[in-house]
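Notes follow the structure.
The values are calculated or read from the model by the stated rules, or taken from the named source; none is laboratory data. Computed from a predicted model, the values in this text were never measured in an experiment. Quick reminder, even Gly has a Cβ in these numbers, built from the backbone with ideal geometry, and neighbours come from all protein chains shown.
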Amino acid sequence: MQRVWLILFSACAALLAPLSARAASGAQEVDAAWAKAVKAGDLDGIVACYAPDAVLWLPGAPEARGTQAIRDAYEKLLSNNTVAEIAMSKAVYETVKDLSAGWGNFALTMHPKGGGEPVVLRGRFTEVAKKIKGRWLYVADQASLDPPPAAGANP
């Protein structure tokens, strides 16, 4: 009887292994690389997460299309701030073949390099990643800040 359970357990583990491998692929894989690079202040690492013709829309910033524009957008952000924490919540990822999408909420805690209190940005993100030459890269990355609470609403 023990042998039967061992065989069943091994079969279940073998079936679940591909599911866990898939869970961290596509846009989710790029998110992990992006978050690591942002927290390290690694501009080259951040830019490496984007396809050469990708588009980036950051809150309150003009559209950044292509490698140089994306580099410039992040260089501006990182020259004024140190990113201390990145949290993603309610994240959903869907991957089909070589395309992957992700969406959810984020909280970004930054310390201004000029001093002052930490700034926490909360918002929503939507992204599309594509597998290009064996690597997952963002092709579209959009973030928007949460709207202010409605007048008279309890926070």
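Some values worked out for this structure:
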item: Cross-chain or 6+ apart pairs with Cβ under 8 Å, region 36-57 first and farther than 15 Å from ASP72 by Cβ and at pLDDT 95 or above, then polar (S, T, N, Q) and surrounded by fewer than 19 Cβ atoms within 10 Å (Cβ to Cβ); result: GLY41/THR82
item: Tally, over region 100-130, of residues that are farther than 16 Å from TRP34 by Cβ and touching a residue at least 60 places away in the same chain (Cβ under 8 Å); result: 0
item: Exclusive hit being in contact with a strand residue (DSSP E or B) (Cβ under 6 Å, 6 or more places away or on another chain) and of a type in the set (Asp, Glu), set GLU75, GLU127; result: GLU127
item: Selection from region 96-134 of residues that are over 15 Å from the mean Cα position of the chain (by Cα), part of a strand (DSSP E or B) and of a type in the set (Lys, Arg); result: LYS131
item: Flag if VAL96 is closer than 21 Å to TRP57 by Cβ, out of contact with any Leu (no Cβ under 6 Å at 6 or more places or on another chain) and among the hydrophobic types (A, V, I, L, M, F, W, C); result: no
item: Cβ pairs under 9 Å, 6+ apart, first in region 60-76 and free of Cβ contacts under 8 Å to residues at least 60 places away in the same chain, second assigned to a helix (DSSP H, G or I) and among the acidic types (Asp, Glu); result: ALA64/ASP72; ARG71/ASP44
